[in-house]
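Okay, so here's the structure we're looking at.
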Amino acid sequence: MKVLDAKFVKEFVDMADDGYTNGYHERNGGNLSYRIKPEEMYEIVYEMKTDREWMDIGASVPGLAGDYFMVTGTGRFFHHVKEDPENTCGIIRLDDTGTKFQILWGFADGGRPTSELPTHLLNHQIKKEQTGGKHRVIYHCHPANLIALTFVLPLTDAAFTKELWPNMTECPVVFPDGIGVLPWMVCGSMEIGLATCEKMKQYDAVIWAHHGVFVSGENFDIAFGLCHTIEKSAEIAVKIRSMQPTRRQTMTRPMFEALAKAFNLKLAEKFLR
Ligand code: 2HA
Ligand code: ZN
């Protein structure tokens, strides 16, 4: 099978385009990675080039040794992913120590994986272990309303979760564990990668102050849907705050408890207090 005909590649490209269409990816902002299933690799193996150099990841991820990933490229625009996947994206494999990678397909004009590759892989490693291999997608983008909130809310998990949960009844259903928040840090660094990992142990979404959000999910729809829901709630928060300084009414603890009962949810108790 041709790489471009593979179902996961089409879904990868569609998600990148959805992100662009929603305005989450100005210029070369954001990045996406997918841990490819062995049976998916098997179908496209004939197009893989295995003679390219091995390069340093910039992090050690032994839990992903030998794994294959599709990733967006550094400096590439999400705007162009749909028309030109072979230049904007690539497929890489990790060596058996989890410290080096090799480009097997894509990045046709000499590109390289995203500058956030260490953060993506560190997070894949955590989520792979934590979910017994279920989570496969890590996505980073720059949604405007969520970023705006990082200038006015305290930069705590509780402040963001409590602000975003009541804005749409779907929110506690979609992110019952809440959301993690990190203070501003230099992006692309090991420090932000490791700090994001610490938060990812508790949450599937981590906000980077004055920058954007990182989400993890088992497939493209779940990961994108999580980001989309959080950003929509942030947009509602911005609208509410623009209209009046405080809410006249809101979702209360008994409402959250009723919702949890109806949907069989375990809402994180610390955010109900
Ligand atoms: O430009 O979003 O965080 C890519 C990024 C870096
Ligand atoms: Zn970014």
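Of the conditions (1) within 15 Å of I57 (Cβ to Cβ); (2) part of a loop (DSSP other than H, G, I, E, B), Q102 satisfies every one except a single condition; which number is it?
Every listed condition holds for Q102 apart from (2).
Which of the numbered conditions does A108 fail, given that it passes all the others? Conditions: (1) modelled with pLDDT of 95 or more; (2) surrounded by fewer than 24 Cβ atoms within 10 Å (Cβ to Cβ).
For A108, the exception is condition (1).
Of the conditions (1) touching a residue at least 40 places away in the same chain (Cβ under 8 Å); (2) out of contact with any Ser or Thr (no Cβ under 8 Å at 6 or more places or on another chain), I179 fails just one. Which one is it?
Only one criterion is unmet by I179, namely (2).
Tell me, yes or no, whether region 71-92 has at least one residue that is touching an Asp or Glu at 6+ places or on another chain (Cβ under 8 Å), more than 16 Å from ligand 1 (Cβ to nearest atom), farther than 30 Å from E163 by Cα and not β-branched (V, I, T). So that I can check it myself, show each step before the final result.
Start the filter on region 71-92 by keeping residues that are touching an Asp or Glu at 6+ places or on another chain (Cβ under 8 Å), which leaves 78, 81-82, 87.
Next, from what is left, pick out any that are more than 16 Å from ligand 1 (Cβ to nearest atom): 82, 87.
Checking which are farther than 30 Å from E163 by Cα leaves us with 82, 87.
In the following step, the residues that additionally are not β-branched (V, I, T) were identified as 82, 87.
Yes; the residues of region 71-92 include at least one that is touching an Asp or Glu at 6+ places or on another chain (Cβ under 8 Å), more than 16 Å from ligand 1 (Cβ to nearest atom), farther than 30 Å from E163 by Cα and not β-branched (V, I, T).
Kindly check whether there is at least one residue in region 222-231 that is more than 16 Å from G30 (Cα to Cα) and among the charged types (D, E, K, R).
For region 222-231, residues more than 16 Å from G30 (Cα to Cα) and among the charged types (D, E, K, R): absent.
Would you confirm whether any residue within region 181-194 is closer than 17 Å to T119 by Cα, of a type in the set (S, T, N, Q) and over 15 Å from the mean Cα position of the chain (by Cα)? Step through it out loud before you land on a result.
Let us first name the residues in region 181-194 that are closer than 17 Å to T119 by Cα, namely 181-194.
So of that shortlist, the ones also of a type in the set (S, T, N, Q) come out as 189.
This time we only want the ones that are over 15 Å from the mean Cα position of the chain (by Cα), so: 189.
Yes, region 181-194 has at least one match.
Please specify each residue of region 1-15 satisfying the condition of being hydrophobic (A, V, I, L, M, F, W, C) and part of a helix (DSSP H, G or I). Explain how you work it out, then say what you get.
Restricting attention to region 1-15, the residues satisfying the condition of being hydrophobic (A, V, I, L, M, F, W, C) are 1, 3-4, 6, 8-9, 12-13, 15.
V3, L4, F8, V9, F12, V13, M15, listed by residue number.
Which of the residues spanning region 127-158 are open to solvent by less than 30 Å² (accessible area, probe 1.4 Å) and assigned to a helix (DSSP H, G or I)?
First pass over region 127-158, keeping only residues open to solvent by less than 30 Å² (accessible area, probe 1.4 Å): 127, 133, 135, 137-141, 143, 146, 149-150, 153, 157.
Result: K127, L146, L149, D157.
The values are calculated or read from the model by the stated rules, or taken from the named source; none is laboratory data. It should be emphasised that the depicted structure is a prediction, and the values quoted were computed from it without experimental measurement. Quick reminder, even Gly has a Cβ in these numbers, built from the backbone with ideal geometry, and neighbours come from all protein chains shown. Each accessible area value is taken on the protein alone, full model and side chains, heavy atoms only, with ligands, DNA and RNA left out. Shrake-Rupley method; radii C 1.70, N 1.55, O 1.52, S 1.80 Å.
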